[in-house]
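Engineer: I am attaching a structure below and will ask some questions about it afterwards.
The values are calculated or read from the model by the stated rules, or taken from the named source; none is laboratory data. Note that the coordinates shown come from a computational prediction; the quantities given were computed from them, not determined experimentally. Using ideal geometry, Cβ is built from the backbone for each residue, glycine included, and neighbour counts are taken over all protein chains shown. Heads up: the accessible areas ignore ligands, DNA and RNA and are worked out on the full protein's heavy atoms, side chains in. Shrake-Rupley method; radii C 1.70, N 1.55, O 1.52, S 1.80 Å.
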Amino acid sequence: MSNVVLMMSVSLDGYIEGPHQDISWHRVDDELHQHFNDTIGQMGALLSGRVTYELMAGYWPTADADPAVTGPTAEFAGIWRDIPKVVYSRTIERAGWNTRIVRDVVPEDVRELKERAGGDVGLGGAGLAAAFLRQGLVDEFRVYVHPVLLGRGKRLFPELDTSASLRLVESRAFGNGVVLLRYERADAPGS
């Protein structure tokens with residue numbers, strides 16, 4: 001069965017975005033972007049909330065049509081268009097580019113998706129991630145720590161009434177100073 005993998009970039013002090021939804025501090029160079037392409041290209045689906053989906057849909061469908069966009073960035077446009085996507089939203093009526101709209105996070109539906117996905121399922125977006133965490137639906141965490149302190153903004157992890165023990169399965173430093181910390185739930189089968 002596939003895993004639900006929370007993938008997020010975060011500042012060293014724990015923020016996924018600065019004030020006013022600022023993500024200009026992300027240090028995504030060709031090496032890191034190629035890593036994202038290789039990782040996401042092997043996934044069976046991507047899950048996101050409305051805000052993340054609209055951000056992605058506002059750029060990636062035609063990013064590779066811009067002659068200034070080259071290399072791994074241009075490659076990702078095709079990956080994003082082709083991969084099956086699920087957007088969790090109560091307000092979006094239509095979505096394109098191989099996207100299905102779901103209104104609520106239902107654990108049984110998530111387990112069914114994991115069984116048929118054909119690869120791990122990437123999870124993005126802080127609000128949706130919080131809903132998945134509250135219901136114990138995140139199997140793996142891939143946190144990309146960027147070498148920057150923001151001081152304030154939106155935190156990656158919400159306050160929760162539950163805790164989870166994690167096991168480090170990979171760490172990797174990229175040339176730009178970003179560090180991947182990859183954890184699995186320590187209580188998962190086979191851990």
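Engineer: When the Karplus curve 6.51 cos²θ - 1.76 cosθ + 1.60 is applied with θ = phi - 60°, which whole-Hz ³J(HN,Hα) does each residue of the range 117-123 get, with x for Gly and Pro?
Structural biologist: In residue order, the calculated couplings are 5, x, x, 4, 10, x, 10 Hz.
Engineer: Turning to a different aspect of this structure: Of all the accessible heavy-atom surface of the range 1-57, with the other protein chains kept in place and a 1.4 Å probe, what percent is carbon and sulfur?
Structural biologist: 51
Engineer: Answer rounded, prolate or oblate for the range 72-191, using the Cα gyration tensor with square roots of eigenvalues a ≥ b ≥ c: rounded when a/c is under 1.5, else prolate when a/b is larger than b/c, else oblate.
Structural biologist: Rounded is the answer for the range 72-191, as its axis ratio a/c remains below 1.5.
Engineer: Using DSSP to call loops (not H, G, I, E or B), can you name the GluC sites (Glu not before Pro) in the range 70-113 whose Cβ has at most 13 other Cβ atoms within 10 angstrom?
Structural biologist: GLU93
Engineer: If you take the square roots of the eigenvalues of the alpha-carbon gyration tensor of the range 41-83 and sort them as a ≥ b ≥ c, do you get rounded (a/c under 1.5), prolate (a/b over b/c) or oblate?
Structural biologist: Note, shape of the range 41-83 comes out oblate.
Engineer: Shape of the range 1-79 from its Cα gyration tensor (a ≥ b ≥ c, root eigenvalues): rounded if a/c is under 1.5, otherwise prolate when a/b > b/c, or oblate?
Structural biologist: Since a/c stays below 1.5, the shape of the range 1-79 is classed as rounded.
Engineer: Roughly speaking, what is the stretch gain from ASP30 to ASP161, that is 0.36 nm per residue apart minus the C-alpha to C-alpha distance, in nm to one decimal?
Structural biologist: 43.3 nm
Engineer: Given a Förster distance of 25 angstrom, what is the FRET efficiency for ARG103 paired with ARG134, based on the Cβ-Cβ distance and rounded to 0.05?
Structural biologist: Using R0 = 25 Å, I get an efficiency of 0.90.
Engineer: Report the longest stretch of the chain that contains none of the trypsin sites (Lys or Arg not before Pro) sitting in a DSSP loop with at most 10 other Cβ atoms within 10 Å.
Structural biologist: Looking at the chain, 1-89 is the longest stretch - no exposed trypsin sites (Lys or Arg not before Pro) with at most 10 other Cβ atoms within 10 Å.
Engineer: Also, quick follow-up: Can you give me the relative contact order of the chain as a percent, contacts being Cα pairs under 8 Å and 6 or more apart?
Structural biologist: With pairs under 8 Å counted, the relative contact order is 35 percent.
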